[in-house]
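Heads up: the structure comes next, in C-alpha cells.
Please treat every number below as a calculation from the coordinates, not as lab data. Note that the coordinates shown come from a computational prediction; the quantities given were computed from them, not determined experimentally. Backbone-built Cβ (ideal geometry, glycine too); neighbour counts: all protein chains shown.
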C-alpha cells in the first residue's frame, strides 16, 4: 500500500520535472552557431561575437558553438566546411575570414545546401563574388567586410605621413593570394597618387630573411598587405624589423602588440563584435541576402610606443592624435 | 473507506497533506496575483526605458557631433590644424570623413577614415544645394539618409561659420546605429524601428521593411506603441508590441509558479507522509502487538530503534510483554498445581452462585453427587428443599461462613455425612457473587469416632467392673439375707409374719434392693450401649449425678472426698447427647481418681456454673498434676501418662471429640504436684435458657 503511494508520487514528480524541462527547453530556443577559422590567431573574433551577442541581449546559455579550426592549413578547411554544412547543420555559420568564406561557398554550392553564413572580416567579398552587392548581398552570405584590401591605400598614406623621412615602402604580400594581389595593385595606385615609392615583396611558404634584406634600403619602411600567409609570419617580421631598425605598418592590433610599429585596420575582436549584429538579425528570421554587408565600425590606428622609442623615429604630432597606443593586451579593450 | 479515515495513520497523512497544500496554494495564488500587476506595469516601464535608451543614444551621437563641429569652427584657421580633425576622427568613430568647405560648398580640406585624403576635383561636397540655403538661417543642417559606394547609409551634418561663411561637414555613418537598433534581441515579439523625417524606415528588425515608407495610419488593436522623437534630425524611434506578448512574462511566471508550487506541494507532501509514517509506524507496531496479545499470540520483541518517547513506549511494551508472559507461565504453573491438588484431593469442591446453582465442581464432588449443576446446592448436598440457615448466600442471615455437617442419602440409599464448609469468594463481580464450598465425606470418620467412643466405654466398663459388682452385690446380699430370714420365719410362724406385716416389710426391703440393682444395671447398660450421636436437650446436672453414681464405688474405694457445688439457679438445658457427656464426666472423674491415687487426702471438687452463655463443669483434683510439656499433647489420641495396662490413651481425645461435636470446648489448668482442673464448657440452649428465665420470673 505504502510502496504504491511512493511509486505514484515519484512518477508524478518525474512527469512534472520532465514537463517542466521540456517546456523550458522549448522556450529557451537554443541555437547553434557553426564557426570555421583558418588558424588560432583569429580566435579573438569568437570572443567579439560572444560579447556582441550578450550586448544585444542574448544569453550564452542558449547558444552553442560548433568550432572547426584549420590549424593554418588551407587544405583542412574544406573537409571541415563539409562537415559543418552537411553534418552539423547549424542555424548560422560564422566564417572568420576570406579564405574560410570562399571554401564554405564552394562547399555549399557543391552540396547545393545553403546555410546562412556571416563572414567576420573579409577583405573583398564583392570582388571574390561572395556577395552581389554591399547593400543587398543576395544569396546565403552577409557579414562584415574588413575593407583591408581598399584600406591599404589609406594605410600607405598614414604610414608615410606620420614618418616624415620615409623614402620608400616595401610592401610584403602573397602573390598567390588573390586578395593580396588586388590589395597590392590598389596600394601601388595610391603610391602613384601620393608620390611615394613602393617595392613589392612576395612572401608565401617561408620567411626569406636574406631576400628581404637584399630588397631593403636605408630609410625604407615595411608594410604588410592582407594575406593569411603573411599574417602567419608576424613574429619573423617583428624580429626582422627590430634587427634592421625598420618600421613596420601592419593591420591588426595583435601585430602591433607583437612588435609592429603601426597597425591600421579593424581588430579581430571588433569584427566579431560587429558581426554579432548580423548573426542576431539572421537568428531573428532575416534572410542574409537582405542584410547589408557592413564596413568596420571602428578602424583604430595602433602604435607600439616601445617600438617607437626603440626605433627613435620622428613622428608627426598631428597624426599621432589619431593613434591608439597598444601595450601588452591593449588590443583587447575593444 | 470510513474505516480508513478512522485510523490514526490516515488522519495524520491527511493532516500533513492539508497543511502542505493549503498554505502553499494560498501563498502561490496571492503571490501570483500581486506579481502579475507588478510585472505588467514593470514590463511597460522596461520597454519605455529601452526605447528611450536607444533614442537617447542617437540623440547624443548627433548632438555631440554638432557640438564638436561648432567647437572646431570657433577655433578658426582650421586648414593648418590637421591634428584637430584627426582628434575628432578618433573621438567620433561613426564619422567617415570630415571636410572643410568654403562658402560655396567646395572642399578645402578632407580627412577620411577609409580612403586617402585626396580631394576630387571640381565636385561639391553637398549634393543638395538647398541645404546650403537653409544654413543661411540655421547654422546646423542635416541631409537625408544617403548611401556611399559600399551601400553604407550615412547622413551629412554641416555647421557654418557666421564670420567667414566657411563650413565644416561630416559624413556620419548610420550602420552601427541602424544595426544596433535592428539587431537588438527584443523579447516577446517587440518590434523597434526608426523613421526618418520622410517617414522612411531607416532601421527595422525586419530588414525586408527597410528603406520603405511607413504608410500605416492606424496601429493594430491590442498593440502597445511606445514612440520617442529625435528632434535633432526629426526622426522617430518606435516600439510596437502586441499586448498579449507583453504579458507573456506573466504567463511564464504563472507556469513556473505552478510548477514550483506543484513541486513544493509534492515535496511538502512527501515530507508530511514521511513524517506521518515516522510517527504512526511505532503506534501501529504497538497496536499490532496489542492485537496479537488480544488474540493470545505473544508478539516478538519489538526493535527499539529510537530514543524518543516512542522508543521508551516500545521498550515499556517489550517489558510489559515479557512480564505478562512470565506471569502467565507462572499462572499456568499455579493452575496446573491447583488442578492437580483440586482434582486429586478427597474433598469435594464447588463454586456456587448467588442463585444456589453450581458454577463449577471438582471431579471428586462430581463422583459423589453427579454433575447436576442446575439443581440448587441445598438439594444436591443436603436433601433439603430450602437453603441452609447459616449459608452466607442466605440473605435473611448474615453469616460470614458456614461449617456444618450435612447428611445426604446416596444412590444406594446409604446415608452419608459430609462436613460442609462455605467460604465467600471476595474477588467476584457483584452480580456474580459466589461462594466456595468444601465438602468432606466424614461418614467413615464418624463411624471410627463411634468405635473409639465405644472402645473407650468398654475400657471404662472394664475399670468399673468391680465397682459394679460391689454396687450390685450389696443390695443382692441384703436381698439374700432378707430372703433367707423370711424363709426361716415362714417355716416358724407363717401366720404371725403375715399378720404383723413384717412379711410386707421384708418384701418391700427386697423390692427396694432389687430396684437399686435394677437402677445400677440400667445405668450400666445405658453407659455401655453403643449408640449413634443423637442430639437432644438435657439437664447437665442430672447427667453429672448419674455419672457420679456410676463412679460412687470407685470414689469410696479410693477414699476420695467429693465436693459438689451447684448453682442455686437451674442451669439451662444443653443440646447434645447426654450419654456421651456422661462418658466425658466418667472419664474425667476416673482420671482425677487416678491422679490422686497416691494422695493421703484426695479431694475432688466438682463445680457446675454459668459463665455468660455457657455452662461450665469443672473437675478439680489435688493429684500429681500434669507436666507442662504434656499439656499440648493431652488431647492427642493414644497419649497417656498412666502405667502400661492402666490406660488406653483414648480417654481425653474421645472426650475432646465429644465436646467439640457439641460445639463446646475443654480447658486444662495444671500445676505439677498441686493438681489439675479440667473445665468442660458447653453452650446452653438459648431458647431453653430464655424460657427458664421467663419461668423463673
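Details
- When peptides A:149-157, B:43-51 are ranked by their average number of other Cβ atoms within 10 Å per residue, the highest-first order is A:149-157, B:43-51.
- 0 to 90° range, to nearest 10: angle between helix B:502-528 axis and chain B longest Cα axis: 30 degrees
- Once the Cβ-Cβ distance of residue B:568 and residue B:334 is raised to the sixth power relative to R0 = 56 Å, the FRET efficiency obtained is 0.35.
- Spacing of the modelled spin labels on residue A:189 and residue B:636, each 7 Å from Cα toward Cβ, amounts to 16.0 nm.
- Protection proxy ranking of A:202-209, B:590-597, A:74-81 - average other beta-carbon atoms within 10 Å, highest first: B:590-597, A:74-81, A:202-209
- Nearest 10 degrees, 0 to 90: helix A:148-162 Cα axis against chain A principal axis: 40 degrees
- Distance between the modelled labels on residue B:411 and residue B:223, one decimal in nanometres: 12.1 nm (7 Å Cα→Cβ projection).
- DSSP beta bridges confined to the protein assembly as shown are antiparallel in about 70 percent of cases.
- Legend: calculated FRET efficiency, residue B:498 to residue B:545, from the Cβ-Cβ distance at R0 = 41 Å, rounded to 0.05, equals 0.60.
- Whole-number percent relative contact order across chain B, with pairs defined as alpha carbons under 8 Å at least 6 apart: 7 percent
- Note on the range B:181-223 and the range A:263-316: Cα centroid distance 28 Å, given to the nearest whole angstrom.
- Legend: mean number of C-beta atoms from other chains within 10 angstrom of residue C-beta atoms, peptide A:275-285, equals 4.
- If R0 is taken as 41 Å, the Cβ-Cβ distance between residue B:668 and residue B:357 corresponds to a FRET efficiency of 0.30.
- Over chain A: Kirkwood hydrodynamic radius from C-alpha pairwise inverse distances, Å: 21.5 Å
- Mean ellipticity per residue at 222 nm, deg cm²/dmol - from DSSP H runs of n ≥ 4 across chain B, formula -39500 (n - 2.57): -17000 deg cm²/dmol
- Volume in Å³ per residue [convex hull over Cα atoms, computed for the range B:349-440]: 89 Å³
- Mean partner shielding of peptide A:287-300, defined as the number of other chain Cβ atoms within 10 Å of each residue Cβ, is 5.
- Highest-first packing order for the peptide set B:471-484, B:173-186, B:653-666, B:144-157 is B:173-186, B:653-666, B:144-157, B:471-484, based on the mean count of other beta carbon atoms within 10 Å.
- The Cα trace of chain B gives Rg and Dmax of 72.4, 235 Å, the first to one decimal, the second as a whole number.
- With bins 10 Å wide beginning at 0, the percent of Cα pairs of the protein assembly as shown falling in each bin runs 2, 7, 11, 11, 9, 6, 4, 4, 4, 3, 3, 3, 4, 5, 6, 6, 5, 4, 2, 1, 1, 1, 0, 0.
- Between helix B:248-294 and chain B: long-axis angle, C-alpha atoms, 0 to 90°, nearest 10: 10 degrees
- Rg(Cα) / (2.2 N^0.38 Å) computed for the range A:91-176, rounded to two decimals: 1.38
- Using just its DSSP H runs of length 4 or more, each adding -39500 (n - 2.57), chain A gives a mean residue ellipticity at 222 nm of -13500 deg cm²/dmol after division by all residues.
- The range B:517-643 shape via C-alpha gyration tensor axes, a/c threshold 1.5: rounded
- Modelled spin labels at residue A:314 and residue B:505, positioned 7 Å past Cα toward Cβ, are 21.9 nm from each other.
- Legend: mean number of C-beta atoms from other chains within 10 angstrom of residue C-beta atoms, peptide B:255-266, equals 3.
- Among beta bridges that DSSP assigns inside chain B, antiparallel share in %, nearest 5: 95 percent
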